[in-house]
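The values are calculated or read from the model by the stated rules, or taken from the named source; none is laboratory data. Since this is a predicted model, take the numbers as computed values, not measurements. Note: ideal-geometry Cβ built from the backbone for every residue, glycine included; neighbour counts use all protein chains shown. Only protein heavy atoms, including side chains, enter the accessible area calculation; ligands, DNA and RNA are left aside. Shrake-Rupley method; radii C 1.70, N 1.55, O 1.52, S 1.80 Å.
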There are 2 protein chains.
Amino acid sequence: MAGLNQVQRQTGVALWRQIADRIRDAISAGAYDETGMVPPETVLALQFGVNRHTVRSALAALAQEGIVRAVQGRGTLIERKERLNFPITRRTRFTAGIGAQAREMRGLLLDHAEERADADVARWLRLKSGTAVIRLETLRLADKRPVSCATTWFPADRFAGIDEVYRKTESITKAFAELGLPDYVRATTEITAAHADSHDIGTLELTPGAILLIAKAMNTDLDGVPVQYSISRFAADRVQFTIEH
Amino acid sequence: MAGLNQVQRQTGVALWRQIADRIRDAISAGAYDETGMVPPETVLALQFGVNRHTVRSALAALAQEGIVRAVQGRGTLIERKERLNFPITRRTRFTAGIGAQAREMRGLLLDHAEERADADVARWLRLKSGTAVIRLETLRLADKRPVSCATTWFPADRFAGIDEVYRKTESITKAFAELGLPDYVRATTEITAAHADSHDIGTLELTPGAILLIAKAMNTDLDGVPVQYSISRFAADRVQFTIEH
DNA sequence: TTTAAATGTCTATTGATATAGACAACCATA
DNA sequence: TATGGTTGTCTATATCAATAGACATTTAAA
């Protein structure tokens, strides 16, 4: 019974945005799969206890996101409802993990730099603070739709030129292979959630108030030596994580 | 450099709430640990590019949550900044996992019922749809502060009376032990994030727009037979998950 | 073709949000 | 005790968010 969720006033979050978030979640959960349509505006207004115009503002926002499309005389059609599953295992691979669920996977290199490890990066990569590291800023897309953006650090001495190789292969796994590391494993993953900041709202094509799932991950080679530390920021309404034990 | 995050207008999220969310995240990240205080209102107003009164609204909201306390003439002191770490492993235990990080752990039974498994519950517990299951609604607190609320299902035939045992022991692990299951393991965990609905806002003492980390988990006995399926909703600003592989 | 049901558009009004400026009250310290 | 820096309070104004009602337009089905 998605839709009975009441909505709260005077909280700094406009009613139309709360309603848009609820409807988006309901669509993702498959609440309207039978009809492929959102309930009529008057029905939603009744369910949420608001004016029809307020519901219209919410639906306009969802239409702007490309999630629904209103057709006069018929109703409001659902255009998109996917949520990708991202398995987190000892052999976590981004492209392979998402691969079967999308026709086209891409990994774009937005920026890169060689820099000195700060305390956090040094701790995760088990290096001395100040050691040279390579930082990549990447954006991953599934069927041309942004899924996550990530900041990734590598030890500079071992993986010199990985920026260029990643730009070419669009895959960390393939880049490692070309640089002489045929296999690696996931050692640790930390998961948190937060509101998207303005930068990620831009790159991931989100709306303010949108949620990010944030995964801090560290991969090692087969000897247990850290090879990669990354902070990935996923659009929470487009993915879920699965951990199999 | 937390604080340079710009803030967006006309998005349905009031500026004061966006700013409150940013400051809350910055406090959690330890941005103001040196002074133990939030920067002066005039400084924050300059950083966010808004009027000082708007910043005051944001700080008032954080004070309402008990995160900061304003002292006239001195500044705005940080009262709380903890984020509990919740390890997810094959031997995930809630109370033991959080235990060391809080002085007092409690698990309150809010509601319980015996009912018939719907399709989702039946699939996770590998039962026939319609089989009798026991459902518990629980609230977990660390040092009297709500951390998560959960809906949990058990096969009714095997764990009759678990509601009463849980109310007494306040722990799933102990309840299992009393009912003849000394050990169990975590089989699968699915993690998503969503906005809190009005019910969870109430029970977890959140503010609207707040984020939930949602973990769907299934535990089995040592023979691999499902014993428990749960949907836990964590206040995202109070916890993080860690997965060690 | 008529009708019912749905979205689209317009006007008007009220309350919440945000800005602006001025000044009071309080605290630490030079 | 005097000063600078901080939070607290007040008034005023403009814009956004939400409600209310009326009616137009489009679609599908009776």
Determine, yes or no, whether residue A:239 is open to solvent by less than 10 Å² (accessible area, probe 1.4 Å), under 15 Å from the mean Cα position of the chain (by Cα) and in the same structural domain as residue A:101 (by TED's automatic domain parsing).
yes
Just checking, how many residues over the stretch A:55-95 are within 22 Å of residue A:138 (Cα to Cα), open to solvent by less than 50 Å² (accessible area, probe 1.4 Å) and either within 16 Å of DNA strand C (Cβ to nearest atom) or in a loop (DSSP other than H, G, I, E, B) (or both)?
3
Got at least one residue in the stretch A:171-184 being crowded, with 16+ Cβ neighbours inside 10 Å, over 28 Å from residue B:238 (Cα atoms) and within 14 Å of another protein chain (Cβ to nearest Cβ)?
yes
So residue B:201, is it at pLDDT below 90 and within 14 Å of another protein chain (Cβ to nearest Cβ):
yes
Would you pick out the residues in the stretch B:122-139 that are in contact with a helix residue (DSSP H, G or I) (Cβ under 7 Å, 6 or more places away or on another chain) and either at pLDDT below 95 or assigned to a loop (DSSP other than H, G, I, E, B) (or both)?
B:128, B:129, B:131
Candidate set: the stretch B:15-29, residues that are more than 24 Å from residue A:17 (Cα to Cα) and open to solvent by 20 Å² or more (accessible area, probe 1.4 Å); chosen: the one modelled with the lowest pLDDT:
B:29
Restricting attention to the stretch B:215-233, does a residue exist that is in contact with a strand residue (DSSP E or B) (Cβ under 6 Å, 6 or more places away or on another chain), at the interface with another protein chain (Cβ under 7 Å from one of its Cβ atoms) and without any contact (Cβ under 8 Å) to a residue 60 or more places away in the chain?
no
Would you point out which residue out of B:61, B:70, B:119 is modelled with pLDDT under 95 and assigned by TED's automatic domain parsing to the domain that holds residue B:196?
B:119
Quick check on residue B:44: is it more than 19 Å from residue B:241 (Cβ to Cβ), within 10 Å of DNA strand D (Cβ to nearest atom) and buried (at least 18 other Cβ atoms within 10 Å of the Cβ)?
yes
Within 9 Å of chain A (Cβ to nearest Cβ) and in contact with a Pro (Cβ under 6 Å, 6 or more places away or on another chain) - does that describe any residue in the stretch B:234-242?
yes
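This table checks each residue for (1) closer than 23 Å to residue A:193 by Cα; (2) in the same structural domain as residue B:40 (by TED's automatic domain parsing); (3) free of Cβ contacts under 8 Å to residues at least 12 places away in the same chain.
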{"site": "B:111", "(1), (2), (3)": "no, no, no"}
{"site": "B:124", "(1), (2), (3)": "no, no, no"}
{"site": "B:128", "(1), (2), (3)": "no, no, yes"}
{"site": "B:146", "(1), (2), (3)": "yes, no, no"}
{"site": "B:178", "(1), (2), (3)": "no, no, no"}
Using beta carbons and a limit of 6 Å, which pairs, at least six apart or on different chains, have the first residue in the stretch A:1-20 and within 7 Å of DNA strand D (Cβ to nearest atom) and the second one modelled with pLDDT of 80 or more and in a helix (DSSP H, G or I)?
A:15/A:54; A:16/A:54; A:16/A:57; A:16/A:58
Select from the stretch A:64-80 the residues that are more than 14 Å from chain B (Cβ to nearest Cβ), over 30 Å from residue A:174 (Cβ atoms) and more than 12 Å from DNA strand D (Cβ to nearest atom) and list them in ascending order.
A:66, A:67, A:68, A:69, A:76, A:78, A:79
So which of B:116, B:103, B:140 ends up being away from chain A (no Cβ under 14 Å), open to solvent by 10 Å² or more (accessible area, probe 1.4 Å) and touching a Phe, Trp or Tyr at 6+ places or on another chain (Cβ under 7 Å)?
B:140
